[in-house]
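Contents: one structure, followed by commentary.
Read-outs: derived from the displayed coordinates by stated rules, not from any lab. Please read all numbers here as calculations on a predicted model, not as lab measurements. Cβ coordinates were reconstructed from backbone atoms using ideal geometry, including for glycine residues, and neighbour counts include every protein chain displayed.
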Amino acid sequence: MTQPAFSICVYCGSRPGTNPQFTEVAKAVGQWIGSRGGQLVYGGGRSGLMGVVAEATQQAGGRVVGIIPQALVDKELANQACDELHIVKNMHERKAMMAERSDAFVALPGGIGTFEELFEVWTWRQLGYHDKPVGILNVDGYYDAMLQFLQSCVGNGFMGEWQMGLVESSSDASALLQNLVQNAGSQLDTPPLRSVI
């Protein structure tokens, strides 16, 4: 088996959402990964944007690693077409394995599960548990309100600009993915255990 050129974790919705651009971008992300000999690591479902990005990755020649908790196998319709499908005990195991198998992380549109995964891997980075790049693909302004709120957290003294700098946000899928892959493995520019209080 040929070693993938890179491995990128994609967090996204198990639903397609109401905006057709969400599906189009999920497809483009999968095509980008697969056409460059990359490997997708994701939540293992075949519904919604999760299924779209996985199918597009494989169709473009990439490998797909799905990781799904037993409790969600039926709810999220586990994707048996994955090159590797890992069924784990719980969400903690899922997220730990996704992080371990990935060189970088990107969040596409999604719901509370996507938000939770994004914020956890971001928190892990600020604490120095990993130095892998994290990105937000802001499709058609989907994350505008969230990013504005996060800036208000900075303004209110609960976050620092250096923390915001640990995540790259862009509406350009190709440019964002290219930057994440290029920066994979780079060291934090700020002290990893700097106080957030």
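Counting only alpha carbon atoms, the long axis of helix 112-126 and the longest principal axis of the chain meet at about 50°. Within straight-line reach of residue 27, meaning a Cα separation under 17 Å, sit the following aspartates and glutamates at least 8 residues removed in sequence or on another chain: 55, 140, 172.
Using only alpha carbons, the chain has a radius of gyration to Kirkwood radius ratio (Rg to Rh) of 0.95. Rounded to the nearest 10 degrees, the angle from helix 20-35 to the longest Cα principal axis of the chain is 80 degrees. Would you mind ranking 50, 91 so that the residue whose beta carbon has the fewest other beta carbons within 10 Å leads the list? Starting with the residue having the fewest Cβ neighbours, the order is 91, 50. Angle of helix 48-59 to the longest C-alpha principal axis of the chain, folded into 0 to 90 degrees and rounded to 10: 60°.
Helix content alone sets the calculated 222 nm mean residue ellipticity of the chain: runs of n ≥ 4 DSSP H residues at -39500 (n - 2.57) each, divided across all residues, give -12500 deg cm²/dmol.
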